[in-house]
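Enquirer: Have a look at this one.
The values are calculated or read from the model by the stated rules, or taken from the named source; none is laboratory data. Fair warning: this is a prediction, and the values are worked out from it, not measured in the lab. Quick reminder, even Gly has a Cβ in these numbers, built from the backbone with ideal geometry, and neighbours come from all protein chains shown.
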Amino acid sequence: MTDTRQKTLDYARQHHEQFLADLKSLIAIPSVSMQDAHKADMQRAAEWLANKLRALGMENVQVLPTAKHPVVFGEWLGAGKGAPTLLIYGHYDVQPVDPLDLWKTQPYEATQQGDLLFGRGASDMKGQVMATLAAVESLVRTAGLPVNVKWLIEGEEEMGSPSMETFLPAHKDLLAADFCLNPDAGMIAADKPTITYGLRGLAYFEVHVWGPNHDLHSGLYGGTIHNPAQALIELIAGMHDAQGRVTLPGFYDAVRPVSAEEHAEMSKLPMDEAFYQAQTGVPALWGEPEYLPVERTSARPTLEVNGFLAGYTGEGSKTVLPARAMAKLSCRLVPDQDAHEVHRQLLRYMEEKAPKTIHWEVKLLNAGPTAITNRHLPAVQAMARAMQAAWGVQPLFKREGGSIPIVALLQRNLGAESILCGAGLPEDNVHAPNERLHLPTWYKAIEAYIHFFYNLA
């Protein structure tokens, strides 16, 4: 290891407390993108990050408006035309904190307990954004950046990145880069650094069912008026067969099969049935029996019920026959599925299965594309060597079950492939109460990104 690289690593190790304080400050801003009440907080978070970029010597720093929430941009091109240009992606928005009563700490007051930092966004993904900022600071304050850098930090990822559809093509020249570092993917375990090369897409729906024009007395009308809640429950129950396969017509027609080579690679991952049971606390797994659990959660499409609303759910009893019922459904999609085609499949299912005793409507709320990255790209291999230097073991390669819409959008609009990594762990409770970040892993990620910059150069 060169003296220059060691000097940069030493700086990072000497400034753990400062990096942690910065992360706590960002977590304190309740930047919930999908709630209008936090619109001012979204702007505040964007300005906080822009000021941080300016403090690091980034140039042309801007808080750029979109139809919803602003994008933070900055760049440093001092390495020259002969050096590669890296686009660093992140998002500053977070999920809502509900249900608040299940939190053991205040979600916007980052609380350290041993090696864990609790708070909304600690893992997804304010902690990941701050890790890249910490790595860049360590370089800037010592040897300087060896490559050109641009920043794209958006505020709508938790909504499906809707503004990116128009923002990226409109700012194609501004954002032009050779590849993108995206630390929003996470790791399998604290001692197993991971690079993700595949992402599922997303189709998110609301299904509304209604019958009578107002709530009815269940004693007077039950048995002769079809209960909309019961009708919707029966429709949802029919969306899977006994083996866990989705029954929407044509749902699997475009699904890319899992190859024998990929199946063999996935078999090596430490993510068997016991892994999933330990992570979730369920007594047994469920789903397509012919596939490995890790294949079901990354390489196979799904349909899930995310929420259900109907009737009276307050204290005590109220004998009501509800006039309306609503369910929120999400489908995780794999190559080569398309969210709009799945929307049409859901409509066909409802047309075929919905009884004549109800009215219904299906709304497509979010549509995110799938993405596959070439794991043999030189930049990906530079990250693999960086992770090995930080953790002392070779990283694992895997496909991710979640959706990161920006990856496919960058491929389509900029021609830039993404290096998907991150310090998030499966037990971090992302999108749930008591979200947390494992600090020793986070500090190693900062060092890995420092190695990555030097490897690129």
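Enquirer: Could you list, in sequence order, all residues of the range 409-426 that are assigned to a loop (DSSP other than H, G, I, E, B) and touching a Leu at 6+ places or on another chain (Cβ under 9 Å)?
Expert: Ala416, Cys421, Ala423, Gly424, Leu425
Enquirer: Filter the range 109-143 down to the residues that are within 29 Å of Cys180 (Cβ to Cβ), hydroxyl-bearing (Ser, Thr, Tyr) and surrounded by fewer than 22 Cβ atoms within 10 Å (Cβ to Cβ) and list them by number.
Expert: Correct list: Thr142 only.
Enquirer: Which of (1) exposed (fewer than 13 other Cβ atoms within 10 Å of the Cβ); (2) modelled with pLDDT of 95 or more; (3) within 24 Å of the chain's Cα centre (by Cα) is the odd one out, the single condition Pro257 does not satisfy?
Expert: The one condition Pro257 does not meet is (2).
Enquirer: Which of the residues that make up the range 167-205 are small (Gly, Ala, Ser) and either part of a loop (DSSP other than H, G, I, E, B) or buried (at least 18 other Cβ atoms within 10 Å of the Cβ) (or both)? Let's see the steps before the verdict.
Expert: Initially, the range 167-205 is screened for residues small (Gly, Ala, Ser), giving 170, 176-177, 185-186, 189-190, 198, 201, 203.
Across the range 167-205, the qualifying residues are Ala176, Ala177, Ala185, Gly186, Ala190, Gly198, Gly201, Ala203.
Enquirer: Looking at the range 274-286, which of its residues are on the phi < 0 side of the Ramachandran plot and either assigned to a loop (DSSP other than H, G, I, E, B) or under 23 Å from the mean Cα position of the chain (by Cα) (or both)? Outline the logic, then answer.
Expert: Pass one, the range 274-286, residues on the phi < 0 side of the Ramachandran plot: 274-280, 282-286.
Residues satisfying the conditions are Phe275, Tyr276, Gln277, Ala278, Gln279, Thr280, Val282, Pro283, Ala284, Leu285, Trp286.
Enquirer: Is there a residue in the range 309-318 that is of a type outside the set (Val, Ile, Thr), assigned by TED's automatic domain parsing to the domain that holds Pro146 and free of Cβ contacts under 8 Å to residues at least 40 places away in the same chain?
Expert: No, the conditions are met nowhere in the range 309-318.
Enquirer: Okay, moving on. Go through the range 144-156 residue by residue and tally those that are surrounded by 24 or more Cβ atoms within 10 Å (Cβ to Cβ) and either closer than 23 Å to Ala299 by Cβ or aliphatic (A, V, I, L, M) (or both).
Expert: 3
Enquirer: Now for a separate question. Considering every residue within the range 332-347, establish whether at least one is in contact (Cβ under 8 Å) with a residue 40 or more places away in the chain and either assigned to a strand (DSSP E or B) or more than 30 Å from Met159 (Cα to Cα) (or both).
Expert: Yes; the residues of the range 332-347 include at least one that is in contact (Cβ under 8 Å) with a residue 40 or more places away in the chain and either assigned to a strand (DSSP E or B) or more than 30 Å from Met159 (Cα to Cα) (or both).
Enquirer: Applying the selection to the range 421-457, what residues are touching a Gly at 6+ places or on another chain (Cβ under 9 Å) and within 22 Å of Thr373 (Cα to Cα)?
Expert: Within the range 421-457, Cys421, Gly422, Ala423, Gly424, Leu425, Pro426, Ala445 qualify.
Enquirer: Taking the range 410-432 on its own, how many of its residues are of a type in the set (D, E, K, R) and closer than 20 Å to Gln381 by Cα?
Expert: 1
Enquirer: Let me ask something else. How about the range 432-457: which of its residues are assigned to a loop (DSSP other than H, G, I, E, B), modelled with pLDDT of 95 or more and not charged (D, E, K, R)?
Expert: Scanning the range 432-457 gives Ala432, Pro433, Asn434.
Enquirer: Quick check: is even one residue across the range 149-164 modelled with pLDDT of 95 or more, of a type in the set (Val, Ile, Thr) and part of a loop (DSSP other than H, G, I, E, B)?
Expert: No - not one qualifying residue is present in the range 149-164.
Enquirer: Being more than 20 Å from Glu165 (Cβ to Cβ), assigned by TED's automatic domain parsing to the domain that holds Gly155 and without any contact (Cβ under 8 Å) to a residue 60 or more places away in the chain is the requirement here; does Gln43 meet it?
Expert: Yes, satisfied.
Enquirer: State whether one or more residues within the range 93-102 are of a type outside the set (Phe, Trp, Tyr) and within 30 Å of Gly144 (Cα to Cα).
Expert: Within the range 93-102, one or more residues are of a type outside the set (Phe, Trp, Tyr) and within 30 Å of Gly144 (Cα to Cα).
Enquirer: Would you confirm whether any residue within the range 319-327 is among the β-branched types (Val, Ile, Thr), at pLDDT 95 or above and buried (at least 19 other Cβ atoms within 10 Å of the Cβ)?
Expert: Of the range 319-327, the ones among the β-branched types (Val, Ile, Thr) are 319-320.
Keeping just the survivors that are at pLDDT 95 or above gives 319-320.
With buried (at least 19 other Cβ atoms within 10 Å of the Cβ) added as a condition, the list becomes none.
So far as the range 319-327 goes, no, none of its residues is among the β-branched types (Val, Ile, Thr), at pLDDT 95 or above and buried (at least 19 other Cβ atoms within 10 Å of the Cβ).
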